[in-house]
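Here the structure is laid out as structure tokens; the discussion comes afterwards.
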Amino acid sequence: MANLWGIDKIPFVGNEKGPKEGLAFHYYEPDRVVAGKKMKDWLRFAVAYWHSFCNRLDDNFGDGVAQRPYDGKHYANPEDAALAKVDYAFDFMSKLGAEYFCFHDRNVAPQGDTLRETDKNLDKVIDKIEEDMKATGIKLLWNTCDTFTDGRFVRGASTSPSIDIFEYVAGQQRKSLEIAKRLGAENYVFWGGREGWESIWNTDVKREQDHMAEWFRMCHEYAKEIGFTGQFLIEPKPQEPTTHQYDWDVATALNFIQRYGLDFFRINIEGNHANLAHHSYGEEVRTAVDAGKLGSLDANQGNKFVGWDMDEFPVDLYDTTQVMWEVMRAGSIGPHGGLNFDAKPRRTSFTAEDLFRAHIAGMDSYAAGLLVAAKMHEDHFIEDLWKDRYQSWDSELGKSIESHHETLQSLEKRVLDEPESELMASNKSDHLESVMATINNYIADTLKQN
Ligand code: XLS
Ligand code: NI
Ligand code: NI
């Protein structure tokens, strides 16, 4: 492929050249084996088409400032521009060494006057995407259906009070699943951006949720019909754009899945969404892993001081370490998941080169997190800490309780005459400050040695 970005393939330089080498990886060494698996296979990085190639870095108070190599080029029509952008996208991903990408139907092709026309536009771009996937070997981590940008979705899509919208979105969704099958998507994501309420006074929550569940059932039926076997994923987010989204966080989405018997779903967890729901990214991943429901990850981070979806590139090593520690505990990011950079550079990082730098920062931060997490697992640091913390449960009595052989009365009998003052116990895992300091040491020591 032509060198459209005028940038060479991003090399791994390690720390030999010091910490300041910009357009290079310091930790991400794709083929390096860590805990039995190549780094690239632990991390499975994906580029988000909408942020990386469509976002102009505008905000509520300012216009788009992004400088991209396709700017200022003159194409005969929007379809040609869309086709050209595909080549830029694949050149970018090849240079970066990201093996996966993700997209929404409406990011890649312009809308027509009817759904039929829109689908036709989409088909042309999908042909091109398929061609470039073959040429570069880059794969589709997931695609999704944009059922939130267009004005028709102001009141939601599958949860819209208008049946006309439900009907429309069925057509749009069918096409999107057909594309998933055609491009061999490894997963398929549902993010219910406008599935929620502005106020419960005007909203029949139960009826809307029933519709959403019915929707998911139809999607799964159709996938089975066409032989699409990609993993279905729900991506939780508590709010923005709506006041309250139905898939508030991982626990809420798990409850929804269970309540409606939609067991074919797993979860796609986004860092910033976790933060908006007052969780750390690691906490959300823990909830999904413990339920056997981790599907994939949208890698980004929020800003502590700002209460909305900032979609920052992830650079917080505590977060990346915690997330990768959970991933290693689970064995992988779900059966087919990856790390999708649902992130955009800050507005001051508007040059094309900055777009590479931002992705490099995110990839290196996750590679570093993987290395630290691998060292922690190798030492059984947290495993031993848990063992120590719950050791009293490894007793005969613990086994008896855990296997449902005790009652309130049987336990009461044992404690009635115990001196109350002896009941406060502590062990070293409760020295939380020292645990956190040890984690600091793990980060510092591991990265120094790499
Ligand atoms: C928005 C979401 C969105 C999904 C895909 O906040 O993160 O980008 O990942 O529709
Ligand atoms: Ni998001
Ligand atoms: Ni996302």
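The values are calculated or read from the model by the stated rules, or taken from the named source; none is laboratory data. Just so we're clear, the structure is a prediction, and the values are computed from it rather than from any experiment. Quick reminder, even Gly has a Cβ in these numbers, built from the backbone with ideal geometry, and neighbours come from all protein chains shown. The protein model used for the area step is the full one, side chains on, heavy atoms only, and it has no ligands, DNA or RNA in it. Shrake-Rupley method; radii C 1.70, N 1.55, O 1.52, S 1.80 Å.
Name the residues in segment 223-256 that are crowded, with 22+ Cβ neighbours inside 10 Å and of a type in the set (Val, Ile, Thr), would you?
Residues satisfying the conditions are Ile234, Val250.
Please indicate, with yes or no, whether at least one residue in segment 149-161 is surrounded by fewer than 19 Cβ atoms within 10 Å (Cβ to Cβ) and within 16 Å of ligand 1 (Cβ to nearest atom).
If we filter segment 149-161 for residues that are surrounded by fewer than 19 Cβ atoms within 10 Å (Cβ to Cβ), which is where we start, we get 149-152, 154-155, 161.
If we keep only those that are within 16 Å of ligand 1 (Cβ to nearest atom) too, we end up with 149-150.
Yes; the residues of segment 149-161 include at least one that is surrounded by fewer than 19 Cβ atoms within 10 Å (Cβ to Cβ) and within 16 Å of ligand 1 (Cβ to nearest atom).
Between a first residue in segment 61-74 that is of a type in the set (A, V, I, L, M) and a second residue that is part of a loop (DSSP other than H, G, I, E, B), which pairs have beta carbons less than 7 Å apart while being 6 or more apart in sequence or on different chains?
Val65/Leu57; Val65/Arg347; Val65/Phe350; Ala66/Asn55; Ala66/Arg56; Ala66/Leu57; Ala66/Phe350
What is the number of the single condition among (1) open to solvent by less than 30 Å² (accessible area, probe 1.4 Å); (2) without any contact (Cβ under 8 Å) to a residue 40 or more places away in the chain; (3) among the acidic types (Asp, Glu) that Glu422 does not meet?
Checking Glu422 against (1) open to solvent by less than 30 Å² (accessible area, probe 1.4 Å); (2) without any contact (Cβ under 8 Å) to a residue 40 or more places away in the chain; (3) among the acidic types (Asp, Glu), the one that fails is (1).
Criterion first (under 21 Å from Ser296 (Cβ atoms) and within 14 Å of ligand 1 (Cβ to nearest atom)) does Ala223 satisfy it?
no
With the requirement that a residue be touching a strand residue (DSSP E or B) at 6+ places or on another chain (Cβ under 6 Å) and open to solvent by 50 Å² or more (accessible area, probe 1.4 Å), what does segment 304-329 give you?
Asp316
Report those helices (runs of 4 or more DSSP H) wholly inside segment 222-312 carrying at least 1 residues which are among the basic types (Lys, Arg), more than 13 Å from the chain's Cα centre (by Cα) and away from ligand 3 (no atom under 16 Å from the Cβ).
Numbers: elements: 250-259, 271-276, 281-290.
Those helices (runs of 4 or more DSSP H) span 250-259, 281-290.
Let's see how each residue does on (1) of a type in the set (D, E, K, R); (2) touching a Pro at 6+ places or on another chain (Cβ under 9 Å); (3) away from ligand 2 (no atom under 16 Å from the Cβ); (4) within 25 Å of Gly307 (Cα to Cα):
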{"position": "Lys206", "(1), (2), (3), (4)": "yes, no, yes, no"}
{"position": "Ala253", "(1), (2), (3), (4)": "no, yes, no, yes"}
{"position": "Gly261", "(1), (2), (3), (4)": "no, no, yes, no"}
{"position": "Glu283", "(1), (2), (3), (4)": "yes, no, yes, yes"}
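Can you pull out every residue in segment 426-444 that is open to solvent by 90 Å² or more (accessible area, probe 1.4 Å) and not in a helix (DSSP H, G or I)?
Answer for segment 426-444, where residues must be open to solvent by 90 Å² or more (accessible area, probe 1.4 Å) and not in a helix (DSSP H, G or I): just His431.
Taking segment 196-221 as the search range and keeping residues that are assigned to a helix (DSSP H, G or I) and of a type in the set (A, V, I, L, M, F, W, C), which one is most open to solvent (accessible area, probe 1.4 Å)?
Residue satisfying both the conditions and the ranking: Met218.
Right, Ser349: assigned to a loop (DSSP other than H, G, I, E, B), closer than 19 Å to Phe53 by Cα and touching a Lys or Arg at 6+ places or on another chain (Cβ under 9 Å) or not? Before you say what the answer is, go through the steps one by one.
Details: assigned to a loop (DSSP other than H, G, I, E, B): yes; closer than 19 Å to Phe53 by Cα: yes; touching a Lys or Arg at 6+ places or on another chain (Cβ under 9 Å): yes.
Yes.
Quick one: how many residues across segment 181-204 are closer than 14 Å to Ser158 by Cα, of a type outside the set (Gly, Ala, Ser) and within 16 Å of ligand 2 (Cβ to nearest atom)?
Residues flagged as closer than 14 Å to Ser158 by Cα, of a type outside the set (Gly, Ala, Ser) and within 16 Å of ligand 2 (Cβ to nearest atom) within segment 181-204 amount to 4.
Name the single residue, out of those in segment 26-40 being touching a Pro at 6+ places or on another chain (Cβ under 9 Å) and outside any loop (DSSP other than H, G, I, E, B), that is surrounded by the fewest Cβ atoms within 10 Å (Cβ to Cβ). Explain how you work it out, then say what you get.
If we filter segment 26-40 for residues that are touching a Pro at 6+ places or on another chain (Cβ under 9 Å), which is where we start, we get 26, 38-40.
From what is left, the residues that are outside any loop (DSSP other than H, G, I, E, B) are 38-40.
Working: Lys38: 13, Met39: 25, Lys40: 19.
Top of the filtered list is Lys38.
Being more than 16 Å from the chain's Cα centre (by Cα), more than 16 Å from ligand 1 (Cβ to nearest atom) and open to solvent by 30 Å² or more (accessible area, probe 1.4 Å) narrows it down to one residue among His336, His405; which is it?
Numbers: His336 fails: more than 16 Å from the chain's Cα centre (by Cα).
Answer to the selection: His405.
Per-residue answers, yes or no, for (1) within 27 Å of Ile126 (Cβ to Cβ); (2) open to solvent by 10 Å² or more (accessible area, probe 1.4 Å); (3) within 16 Å of ligand 3 (Cβ to nearest atom):
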{"residue": "Lys17", "(1), (2), (3)": "no, yes, no"}
{"residue": "Ala24", "(1), (2), (3)": "no, no, no"}
{"residue": "Phe53", "(1), (2), (3)": "yes, no, yes"}
{"residue": "Tyr70", "(1), (2), (3)": "yes, yes, no"}
{"residue": "Ala84", "(1), (2), (3)": "yes, yes, no"}
{"residue": "Phe90", "(1), (2), (3)": "yes, no, no"}
